[in-house]
Amino acid sequence: MSKESIQEVVQKSLEDYFNDLGEQKPSNIYDMMLLTVEKPILQVVMTRAEGNQSHAAQMLGINRNTLRKKLQEHGLL
């Protein structure tokens, strides 16, 4: 899947979300989206890194301690 395809999926999902809301006012969309995509990203990268947090952190371009914190936040440890 290309970068554009991921962007298209996210855009369509957000448009669907707004349509489903109808007249309700949206809130905390940024946090909602981050939480929605962060967990599957972490799951896939940890699988690719065969559970090695140092390799996964390198792949993600983040510090290993940051990765551990995120894994804990999502119940992945």
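What follows draws every value from the coordinates through simple rules; no lab data is involved. Because the structure is predicted, anything quoted here is derived from the model rather than measured. Glycine also receives a Cβ, built like all others from the backbone with ideal geometry; neighbour counts cover every protein chain displayed.
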Inset, instruction - Answer yes or no as to whether THR36 is under 16 Å from LEU77 (Cβ atoms) and hydroxyl-bearing (Ser, Thr, Tyr). - result: no
Inset, instruction - Please list, ordered by first then second residue, the pairs with beta carbon atoms under 8 Å, 6 or more apart or interchain, first in region 18-39 and in contact (Cβ under 8 Å) with a residue 12 or more places away in the chain, second polar (S, T, N, Q). - result: none
Inset, instruction - For the chain, please list each of the helices (runs of 4 or more DSSP H) lying entirely inside it that holds at least 3 residues being surrounded by 13 or more Cβ atoms within 10 Å (Cβ to Cβ) and aliphatic (A, V, I, L, M). - result: 29-48, 53-60
